[in-house]
Amino acid sequence: MALGVNTAAAAAQRMGVHLDPFKAYNFFVEVEGILVGGFTSVRGLESKMEVRTVREGGVNDKEYKLGGQVTYSDITLESGITALDPVWLWYQSTLQGQIKRRNGSIYMLNDMGIPYVWYDFYNAWPISWEGPALDASQTLVATQRFVLAHEGIKKSLAATGYAAAAGTAGAVAGAI
């Protein structure tokens, strides 16, 4: 018998496991094992499945819903401009016709700075860059945006295993 989310959370809490949600500002991005910068924003972690409707001839009160193609939104990375910028170099090689598809991960950290949840993206390459808005009357940090096209994003199974080993997911999985 499956328990509700509140029951699972209560059971995990009695076992001493805290299920606090992760904070959206505590993350980092790596591409092929290299930390590629301190990003202030990551957007576009989205996938969507097309739903196709099929109707049977002569049956007017029923329709069937079938899964279709899965699409992924582009990932937008925003960061402050620095002298060393590996994503800029990657983008420049793309502009020169050398599209280098790379895998990467977006890690969410717990309050102690340890990665607990991460999303892996596959065969990505930069397709767009937006430079800073320069305004002498402002004292803001100059930022830039890169947009990455990719061929898929998944919540890492390794993250689930890591969390289970640390005791957070195991208690919940056992309670559900």
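Since every read-out is calculated from the coordinates, none of them should be taken as a lab result. Everything numeric in this text was worked out from a predicted model, so none of it was measured. Heads up, the Cβs are rebuilt from the backbone with ideal geometry, glycines too, and the neighbour counts pull from every protein chain shown.
Considering only Cα-Cα distances, which of the following residue pairs are longer than 30 Å: K65/K155; K23/K48; K23/K154; K62/K155; K100/K155?
Working: K65/K155 25 Å; K23/K48 24 Å; K23/K154 19 Å; K62/K155 35 Å; K100/K155 23 Å.
Cα-Cα > 30 Å for K62/K155; rest within.
Arrange the peptides 33-40, 79-86 so that the one whose residues have, on average, the most other Cβ atoms within 10 Å appears first.
Numbers: 33-40: 14.1, 79-86: 12.5.
Descending packing order for the listed peptides: 33-40, 79-86.
Once you place label points 7 Å from the Cα toward the Cβ at F22 and A142, how far apart are they in nm?
So the label points at F22 and A142 sit 3.2 nm apart.
Classify the range 95-159 as rounded, prolate or oblate, taking a ≥ b ≥ c as the square roots of the eigenvalues of its Cα gyration tensor: rounded when a/c is under 1.5, otherwise prolate if a/b is larger than b/c and oblate if not.
Values: a/c = 3.97, a/b = 1.28, b/c = 3.11.
Cα axes put the range 95-159 in the oblate bin.
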